[in-house]
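First up is the structure itself, then whatever we jot down about it.
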Amino acid sequence: MEPSTKRTLKPAVTKTRSASMTLNALRFRQGEATVYSFVLPGDKISQIADMSRVKREGRSNTLVGFQRSEIQTHVRQIGEYLDKGPGLFPNAVILAITPSVTFQAKRGPKVDRVSVEGVEAGRLTIPGRPDGEKVAWIVDGQQRSLALSKSKNGGLLVPVVAFESQSIETHREQFILVNRARPLKQRLIDELLPATDDTLLPRDLAANRVPSELCNLLNSKPQSPFYKRIARTSLKPERPDVFIDSAIVRMIRDRVNGTSGALLHLKASGERGPDLAEMYRLLSAYWSAVAETFPQAWNLPPDKSRLTSAVGITVMGVMMDRICARVGFSHKNPQAIYTTELKKIAGECAWHSGSWQGLGMPWNALEMTSKSSTRVIQLLSAAYVRASAL
């Protein structure tokens, strides 16, 4: 008898759907947004809300998410405090919640006695979702929520404030604003800024939005001398000769916002705002010229070349201002012009070997301090003026 050819079909996996949740809540408006305030047992927060961690996806390295990775030590400390028993834990968790929730305002004479105008009391219903899907995202309180979900006292009631939004851009904006007074890494803030609306940000944060966006362009375009060599919070290059994004962002910001910055004239181009395309063109051309003038130093990691370290980026950024002030910007082949100008100071430089003769110090004594970078800038600026006068 021939063996049976019948195949046993595996039963389809059916996703279970979480039950909906109805809560007493207050509803009010802030600008165009609807906001809810309610209370939940701490270990229930993770059932309705997810954490959108910052990462990049796809071939275009599109930025998604906004949360930093959980800090295990902090989570453990919170958990230890909760496990000691009932205690005071009044810090509110802030959520961005989808418009799929429904709110039924209470009716009757008691409603007339609400003491704050514009606030409605009622019942908020949070719909159930299949396993793995959430109806909200944690904007603030990631570590507290993790600790509560793991604690034996996770039933502790926790205040929650949730604003309706389907927009990840709005989530990022609120995440930055809520965390700016805390030790949130500036590199993470800078990386998130290009995906936010700068009109809603404080002036000091908005100043880094354009530089960070240009940093993204320099890292993502194959023609750029920085292509895939800039380390960002969400993106760790595999090669060792990388640049730290904070140094690149700071260098660009000084060119855009400085009183003598090489990109200042492109900061406001009529009603269109900053001319990012032209800024990128000039930055790419200039730093390609730097790479051409110092090829060996350009392809070494920061510990073996001061050119690729923060001090090298700072110094050569200032030299971009000096050179552009002399040669202007209207060139069909700006890289060739910049290369010619950089050769005037090449003999003074000791980025990866030898000594800075004009400063009387070995190459590796150059440090990222104001005093050290100022000395090199003065040396190269003076050399450039002398060579240009010949």
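None of the figures in this text is laboratory data; all of them are computed from the coordinates on show. All of these numbers come straight from a predicted model, not from anything done at the bench. Heads up, the Cβs are rebuilt from the backbone with ideal geometry, glycines too, and the neighbour counts pull from every protein chain shown.
Some observations on this one:
- Summing +1 for each Lys or Arg and -1 for each Asp or Glu among the other residues whose beta-carbon sits under 12 angstrom from that of residue 297 gives 0.
- Model label sites at residue 361 and residue 292, defined 7 Å from Cα along the beta-carbon direction, differ in position by 3.1 nm.
- Sum of side-chain charges, residue 311 neighbourhood, beta-carbon under 12 Å (Lys, Arg +1; Asp, Glu -1): +3
- Each Lys or Arg adds one and each Asp or Glu takes one away; over the other residues whose Cβ falls under 12 Å from the Cβ of residue 278, this sums to +2.
- Length, then width, then depth: along the principal axes, the Cα atoms of the range 238-348 run 44, 28, 23 Å.
- Shape summary of the range 307-390, radius of gyration then Dmax from alpha carbon positions: 13.0, 39 Å.
- Counting neighbouring Cβ atoms within 10 Å and putting the fewest first, the residues 349, 215 line up as 349, 215.
- Ascending count of other beta-carbon atoms within 10 Å, so fewest first, for 34, 233, 22: 22, 34, 233
- Per-residue Cβ neighbour rank within 10 angstrom, fewest leading, 275, 140, 83: 83, 275, 140
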